[in-house]
Number of protein chains: 4
Amino acid sequence: MTQYESLKELIMLDANEEAKFSEKQLKIIEAAIEIFSEKGFAATSTNEIAKKAGVAEGTIFRHYKTKKELLVSIVSPLMAKLLGPHFAKDFANEVFELKYETFEEFIRNLASNRYEFIKKHIAVVKILIQEISYHKELKEPYVRLFKEHVYEKFKNIILHFQKKGEIVDESPDTIMRLIITTIMGTLVSLFLVLPDNEWDTESELESTIQFLINGLSVK
Amino acid sequence: MTQYESLKELIMLDANEEAKFSEKQLKIIEAAIEIFSEKGFAATSTNEIAKKAGVAEGTIFRHYKTKKELLVSIVSPLMAKLLGPHFAKDFANEVFELKYETFEEFIRNLASNRYEFIKKHIAVVKILIQEISYHKELKEPYVRLFKEHVYEKFKNIILHFQKKGEIVDESPDTIMRLIITTIMGTLVSLFLVLPDNEWDTESELESTIQFLINGLSVK
Amino acid sequence: MTQYESLKELIMLDANEEAKFSEKQLKIIEAAIEIFSEKGFAATSTNEIAKKAGVAEGTIFRHYKTKKELLVSIVSPLMAKLLGPHFAKDFANEVFELKYETFEEFIRNLASNRYEFIKKHIAVVKILIQEISYHKELKEPYVRLFKEHVYEKFKNIILHFQKKGEIVDESPDTIMRLIITTIMGTLVSLFLVLPDNEWDTESELESTIQFLINGLSVK
Amino acid sequence: MTQYESLKELIMLDANEEAKFSEKQLKIIEAAIEIFSEKGFAATSTNEIAKKAGVAEGTIFRHYKTKKELLVSIVSPLMAKLLGPHFAKDFANEVFELKYETFEEFIRNLASNRYEFIKKHIAVVKILIQEISYHKELKEPYVRLFKEHVYEKFKNIILHFQKKGEIVDESPDTIMRLIITTIMGTLVSLFLVLPDNEWDTESELESTIQFLINGLSVK
DNA sequence: TATGAATGAGCGTTCATTCAT
DNA sequence: TATGAATGAACGCTCATTCAT
């Protein structure tokens, strides 16, 4: 249940300055996250959410005009965070590249940041992954944000390490895709596809990082 | 529309020997695949399927007791195929390992087989990925099949190439996970997450195979 | 209950040629008319209609997409009929005027036609009067039909009898308004405002016709 | 907006002596009148009224126990006024008849009084007309008041002018009905049915009075 | 085999009303 | 006095499923 504590924090960060969430509203969000991630958005009824949250069904609609608005309000702050620290909008490009001395340092930083975050917010991440392709409201801002703020910076880092001769001379787009696929794929495998298996997640992450560096470095 | 042609083949293979599917039933399957993959199982109504298929709503329930049965009947043959040729139940272990002379040959074969298959049946694959975690009926036989018939053989192959010194000395489970993650992650990326981008999918697949071999081989 | 028999006829005239109304649908219309006219459209619940009609609530929505569509389907054929026989669209203007030899004949015909009709369909007339100002779907075609097909012909009749010196030399618009107001007002009074009083409706109608002719004729 | 000014006056007269209406309460009444007359009582939500009035929803129920009580409090003072000055309860019969020297004077006075009043309070009149048949609370006192205080006096006036030979020898009930129907029908036509048409309402009223006198007077 | 009208449970949402503040 | 969060019954409507034809 401690993960829900942290989800409250996540969502409350969105309402910066004042945390203006009533207790009932937090109960609703908590219940919605739990059931959405278990059964999927479309298969979850507002009646079910209300019961689990211990509120009247009408109370949900006092806070969110529609069920979909509830979904968006849960998932949106997560999306911002996922594209978060490394690619902050106001971050200067030129400085950025210099931040990491080696490609390994970059990958290690990227992966472990995402690892901690996803581990904490695994239920919301599952909702995001499941629902993003069905709801334009979720997909469009995410895609735009990536294109406008993340893509160029990410590409520059790759070019930087290619110039330094640290990584293979593939198309940056392909390398970017392989990095994201490998890290995200691993996290999804560990937390969503095979959550019951008793993985030593930390050591799996380490292996994945090694694999990634090995796979992209010039021999 | 040619992909639906091939889907009919896929499903008809399940009803081996006699292909006892009426034209109406094929229309239903076709329509269901299209809408399920677009909107998700729970958000698709049988009325919608019936309309798109050009049949009466009752006709669906003449062929499938429930809506879920329709889903299972669409997705199940695909699952069998996905775990398919390489790991067929009646395939002798000892022979199997000998089939591939190098690790690269194994990976290349595994990846390109899955690539062709998924490309053909992308809509059903999407349904499978989206729905598998919500329906025990889909997940359990898949997991059992993997554990009972695929896991050991796959592990043996890995051990075989580790003994030969071709690949790194990691835990076979981890290596298996990295292989599956990388191949599936790539295919999902290319076909589902970024289907609009104009990837040269063949060359992306080649890069992925190179990356995988590079990442797992001893330097 | 015989009035509902005639309402079925009214509504079925709309679906000319084949009377394709199932028994259940007629029950729904019957129940809706009764409750709409008693409590008003907005205060009537579909659940209530279903119960009175002896059908499931879903059945209503199989025949009518929305509650409002049910209202429109009930009221629309009445509107056509109300502007009906005297002012049929395909009726030639020049012939029309000649139909009536005296103003009294015209008024008497107009009034008694409307009288019989409204008496038969009083419940639907009440619904029409109550709801027309709240629903554009009802008002607009009614107003257009009047302007395009009735107004000119009606005016010509008035001008005709003014030329003949039978009626006063007021503005035709005003005379038209007085005629409609007096006839409709009387019918509304007798059937809707004071339905419980034991009027001899036939003799009241006669008095009204006399009053109307008296009021408009030159002394 | 000036009409609402006058409505406040109207309603405040009901609370005679002390005008104990807070500003918020007046805002509520104002908003309720506007929306009730636009959409009808049943189709208006208290939430909507509260928003338009700029008060909290709870505030409405601090002043009125139910939504219906709000309706009654708006419409009731109007009803009293409508049966107003001519037929005041404490008015002596015998004096009354003498008040008017001619039938025309009576009609002219009756009509123009109602004309000014309805013009001022058209929105509330519309609510009254629309809702009176659905709510006993509105209908019953109105009917009783008419029967007990207005009917006899009105009848006496008619008999008085019949004896004088000024008007036709019809049943007084019928004549009363024709007078009320013609005046009310005209006012309803001008203000409610065809409010957009640019009538010269004053001259229409004059024509109506002439028509009424003409129609009822002996030739 | 196929239909499509009928069902009634359940859906997301709105409602008038209550009550702690 | 006024608020507005909370309520839960009721709303219009959709759903998967049934069944007589």
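All of the numbers you see were taken from the coordinates with simple rules; none came from a lab. These figures come from a predicted structure and were not determined experimentally. Cβ atoms come from the backbone with ideal geometry, glycine included; neighbour counts cover every protein chain shown.
Annotations for the structure displayed:
- Packing-based exposure ordering (other Cβ within 10 Å, fewest first) of D:Ser112, B:Ser207: D:Ser112, B:Ser207
- Net charge of the neighbourhood of A:Ile179, taken over other residues with C-beta under 15 Å away and scored Lys/Arg +1, Asp/Glu -1, is -1.
- Residue of chain D with the smallest Cβ distance to the axis mapping D onto B, distance rounded to whole Å: D:Ser45, 15.
- Shape category assigned to region A:94-167 from the gyration tensor of Cα positions, a/c cut at 1.5: oblate
- Annotation: the residues A:Lys39, B:Lys147, A:Lys219, sorted from fewest to most other C-beta atoms within 10 Å of their own C-beta, follow the order A:Lys219, B:Lys147, A:Lys39.
- With the label put 7 angstrom out from Cα along the Cα-to-Cβ vector, A:Ser112 ends up 4.0, 9.6, 10.2 nm from the copy partners, going from closest to farthest.
- Loop-resident sites, region D:131-219, for GluC sites (Glu not before Pro), counting at most 12 other Cβ within 10 Å (DSSP): D:Glu198
- Local electrostatic count, B:Glu170, Cβ distance below 12 Å [Lys/Arg +1, Asp/Glu -1]: -3
- Taking the Cα atoms of region B:3-216, the ratio Rg/Rh between the radius of gyration and the Kirkwood radius comes to 1.01.
- Taking a sphere under 14 Å around the Cβ of C:Glu137 and counting the other residues whose Cβ falls inside, with K and R at +1 and D and E at -1, yields a net charge of +3.
- Label-point distances for A:Lys155 to the equivalent site in the other copies, using a point 7 angstrom along Cα→C-beta, read 4.5, 6.9, 9.5 nm when ranked shortest first.
- Gained length - D:Leu192 relative to D:Asp169, 0.36 nm times residue gap less alpha-carbon distance: 5.0 nm
- Each principal axis of the Cα cloud of region B:145-189 was evaluated for its coordinate range; sorted largest first, these ranges are 32, 24, 13 Å.
- Values of log10 I(q)/I(0), in the order q = 0.09, 0.18 Å⁻¹, for region C:89-215 under a Debye, Cα-only, solvent-free model: -0.29, -1.13
- Theoretical FRET efficiency, 1/(1+(r/R0)^6), r = Cβ-Cβ of C:Lys52 and A:Ala56, R0 30 Å, to 0.05: 0.50
- Estimated FRET transfer efficiency when R0 is 51 angstrom, pair D:Arg144-C:Lys155 (beta carbons, to 0.05): 0.70
- Maximal additional length on extending the D:Lys99-D:Leu83 stretch stands at 4.1 nm, based on 0.36 nm per residue less the C-alpha distance.
- Virtual spin-label span in nm between A:Glu206 and B:Ser203, 7 Å along Cα→Cβ: 3.9 nm
- Counted by neighbouring Cβ atoms within 10 Å, the residues B:Ile33, D:Ile180 run from fewest to most as D:Ile180, B:Ile33.
- Per-selection Kirkwood Rh - region C:17-77 (Cα, Å, 1 d.p.): 11.5 Å
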